[in-house]
Structures are given as structure tokens and as C-alpha cells.
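The values are calculated or read from the model by the stated rules, or taken from the named source; none is laboratory data. What you see is a predicted model; the values in this text were computed from it and never measured. Methodologically, a virtual Cβ is constructed for each residue, glycine included, from the backbone with ideal geometry; neighbour enumeration extends over all protein chains shown.
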């Protein structure tokens, strides 16, 4: 039965089944009801609590199959978040056309994707405003606007673009704002007077332990190495304030033969994407990043984060820590700071534990080694995750335990396989056919 003919209850059950979820959490239940009823909503909930599904489900439930054109727009502060939401929305399998537009790729790709208008458009404010200027879009059917992580969009200076977008959307009758912090005032240009506030910031109590480690002058990188040896095998993120200090740390880790991936604003889009893919699928256990990675990324199961440099503000500290101990999971945050300088008040406020690295227990995990492969075929070629799994089981000779995470993009795909058999798998599957396309299979360096 098509999604168009399903009842709302049947549609929800279908959506949850696709994500292997038995029921929505209380925040998602409350948000779904408020958004479906057409209210202006401000949704505040911690990172990892399921905000994306909370607004996507009612948004898609309200879309009308009889309307030809864009019905809802989701604005996000980063291209990675745009790609993530697009992927989740498509995974729901609603039958509606969904597209994301963002910087870091040719505008011709966006123009081609938007030739047939999607029902749901996701994108960064700058790129969506640019498409509004360049394309003669009919926006008369756009009734709902979502600003996901709206406080971050304000931080990175998207006010002008968002104001321009609002002026173009004459038919808007609903705004939904989401955030993992309540520190930002709702901008006046949105024209929201009495939104329903759904605040779950204090409902979830992550089991986060904040540890402070005092180091002497010039000893920060040495302390980082010693700390990583205690945490070996666990997935974690190391945060720096600037890409220059990130480069210094990366060179040091490379010299110590500590494998890691880098993630920062100046990195080419394809390299940023590959770093996240390798981190998500377990090929890489360490991500060395700026605050670009502190929110809006789908990175599960982070066991720790390290503040190699102290963030300047409490919000940055909160968002960095929000990458670990998500929901009710346990996690650790380690703050490396100079002995000669007092800790900022926002760190003292969380009642941190003062520790010495030598006193920390070794918590190494014995994890399977993974290698990431690139496949030159994706959604555009009508290739599914099941098609890819079938090829690698049948031709590649993989067992279920040797096949890791599969990620589909428009024109290519990634998957992780057991490192012990990766080279043989490439030889067996390269130049084989997936659906009607002969695909190239290569290792991602």
C-alpha cells in the first residue's frame, strides 16, 4: 500500500519500523502533536535525543500528495546537517521528493535536482537564498519553515540570508525552531509571538564525567598522547579552537603513529565527508576537530571527548560535551589546561574531577579493524543497501560479521569491511555489476 493511502497511525508504524524503533520517546510524542497541529514551536532538547525525527515525522505527515511544489523548508547551519536530514527523510520512505542544497558543491547540481520541485527542501540559508535569487521558484505552497539548530545559524551570521528567505515566503503559517540550548533569543524577523515551548533540556540526565588535567608549559601534546593510551580503542573526539592548532596536533599524532581523521571548516567537502564516514563506520576511532563537529552531526557511540584547548564560552563547552554521554549513556570529558591559569567559571560550575593521567585506569577496547570502501554507484543508479550487501556477500565472499555500515549517496556509496579481508574483497567486487551499472570498488585512503 502506498504512503498516500495509509492512515496516520499506519504511517507512523511504517516510519518507526524503518528505523527499528518500537515507540517514540516523550519529547518526540509531544513535538509530533504540536507540530502536526500547525502550531509555532520552539523545541529544546539535548543532542542525541531524537529532535530530527521529532520534527520530520509530523512535517511529512502533513505534506499533501496533491500539491505540486515545495510545501516545507528546513534551514540548517551546516552542509553536513543538511545531508544528514535529507538522508533520514529519504529513509522514512514517504514517497515525497526530498532534496538538500548546500555549499561545497556545484550549484548546477542543485539546479538539476530542483528542476522538478521537491515537496520538502533542506539546506543552508546561504545556498537556499542563492537558489531563490537565481531560480524562478513558485513558493506559494510553502506553509512551514523549520530552523534546526537555529542558535548556531545565528552564531555563524546567517541572519541576512534567513531574513531574505522569510521575505520570499509569503504563505508561511508555521515556524518550528529547534536547539540544544536555551541561550539564544528568538530573532524578531521570524515574527513569532506565542510559540509552544517544548523544553526537555533538563529531562535527560546524561552520565557525563568531566575530568580536569593540569599540564605544564609545553606538555599539552605529551599529555594528550598519554591520555589516548589510556583510552585506546574507544571512539572519541579531540577538540581544538583553531585549525592551526589542529594541524600541530595532527602532525604530533602522526609522528606518534596514532591514527586519526581531521575535521574543520577549511577542509574540502569530499574530505570532510570521508572523515565522518570513516569515523561513523569504525575505520577510524579518533576525530581531531574544531567546533564545527560540536553539533548537528550524526555520530553515535562516542565514549569520550577531549578539550585540547579550552573553549571560549560555556555554550561551546556544552555542545562539545554533548557529543558524548548522549541520552542516558555514559561518557567522559577531559579538559587539558595550563597549571598556571585558573579554570573558567563555566568549567568549575559542573563540579569537575581533578585527575592525574597516571591515576586513570586503562580502558582499551578490543575492537574489530575496519576498512572503508568506495563504490562508484548510488541512489541515482537505483542501487539500494540490499543490492550492495548482496554483491559483497555473493561476489566478495563476506560473512555478516565482516560487513559493516553501508552509506548511500546520490552517485556513489561507502561501506566498511573487515580489514583482514579488505584487499581480497576489492579484487573480487571491482568492475562487477550492481543493478545495471558496472561499478568501481576502491579503498578510501
Show the residue pairs that are 6+ apart or on different chains and have beta-carbon atoms under 7 Å apart, the first residue being within the stretch 7-24 and touching a residue at least 12 places away in the same chain (Cβ under 8 Å), the second being assigned to a helix (DSSP H, G or I). 8/61; 11/3; 11/61; 12/57; 15/57; 18/91; 24/32
Does residue 183 satisfy the criteria of being surrounded by fewer than 17 Cβ atoms within 10 Å (Cβ to Cβ), modelled with pLDDT under 95 and outside the structural domain of residue 47 (by TED's automatic domain parsing)? no
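Could you say which residue among 92, 120, 169 is in contact with a strand residue (DSSP E or B) (Cβ under 7 Å, 6 or more places away or on another chain), outside the structural domain of residue 264 (by TED's automatic domain parsing) and either farther than 27 Å from residue 187 by Cα or surrounded by 22 or more Cβ atoms within 10 Å (Cβ to Cβ) (or both)?
Values: 92 fails: in contact with a strand residue (DSSP E or B) (Cβ under 7 Å, 6 or more places away or on another chain); 169 fails: either farther than 27 Å from residue 187 by Cα or surrounded by 22 or more Cβ atoms within 10 Å (Cβ to Cβ) (or both).
Answer to the check: 120.
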How about the stretch 388-445: which of its residues are in contact with a strand residue (DSSP E or B) (Cβ under 8 Å, 6 or more places away or on another chain) and in a loop (DSSP other than H, G, I, E, B)? 396, 398, 412, 430, 431, 432, 439, 440, 444
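For the stretch 198-217, give me each residue that is over 24 Å from the mean Cα position of the chain (by Cα) and either modelled with pLDDT under 90 or in the same structural domain as residue 155 (by TED's automatic domain parsing) (or both).
Of the residues in the stretch 198-217, the ones over 24 Å from the mean Cα position of the chain (by Cα) are 211-217.
Hit for the stretch 198-217 is 217, nothing else.
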Of the numbered conditions (1) over 23 Å from residue 62 (Cα atoms); (2) under 19 Å from the mean Cα position of the chain (by Cα); (3) buried (at least 18 other Cβ atoms within 10 Å of the Cβ), residue 103 satisfies every one except a single condition; which is it? (3)
Do any strands (runs of 3 or more DSSP E) entirely within the stretch 238-356 hold 1 or more residues that are buried (at least 22 other Cβ atoms within 10 Å of the Cβ), free of Cβ contacts under 8 Å to residues at least 40 places away in the same chain and out of contact with any helix residue (DSSP H, G or I) (no Cβ under 7 Å at 6 or more places or on another chain), and if so, which? none
Filter result for residue 178 (within 30 Å of residue 346 (Cα to Cα), modelled with pLDDT of 90 or more and not assigned by TED's automatic domain parsing to the domain that holds residue 320): yes
Just checking, how many residues over the stretch 65-78 are surrounded by fewer than 22 Cβ atoms within 10 Å (Cβ to Cβ) and either without any contact (Cβ under 8 Å) to a residue 40 or more places away in the chain or farther than 21 Å from residue 119 by Cβ (or both)? 1
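Does residue 72 count as touching a helix residue (DSSP H, G or I) at 6+ places or on another chain (Cβ under 8 Å) and at pLDDT 95 or above? Outline the logic, then answer.
Working: touching a helix residue (DSSP H, G or I) at 6+ places or on another chain (Cβ under 8 Å): yes; at pLDDT 95 or above: yes.
Criteria met by residue 72.
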Identify, by number, the condition in (1) within 21 Å of residue 292 (Cβ to Cβ); (2) in contact with a helix residue (DSSP H, G or I) (Cβ under 6 Å, 6 or more places away or on another chain) that residue 221 doesn't meet. (1)
Of everything in the stretch 25-35, what is without any contact (Cβ under 8 Å) to a residue 40 or more places away in the chain and surrounded by 15 or more Cβ atoms within 10 Å (Cβ to Cβ)? Give them in sequence order. 25, 28, 32
Quick check on this structure: which one of 38, 107 is touching a strand residue (DSSP E or B) at 6+ places or on another chain (Cβ under 6 Å) and in contact (Cβ under 8 Å) with a residue 12 or more places away in the chain? 38
Being surrounded by 12 or more Cβ atoms within 10 Å (Cβ to Cβ) and closer than 30 Å to residue 212 by Cα is the filter here; which residues of the stretch 365-403 pass it? 367
Regarding the stretch 361-371, can at least one residue be identified that is closer than 20 Å to residue 431 by Cβ and either touching a residue at least 12 places away in the same chain (Cβ under 8 Å) or outside any loop (DSSP other than H, G, I, E, B) (or both)? yes
Please determine whether any residue of the stretch 404-419 is out of contact with any helix residue (DSSP H, G or I) (no Cβ under 6 Å at 6 or more places or on another chain) and exposed (fewer than 12 other Cβ atoms within 10 Å of the Cβ). no
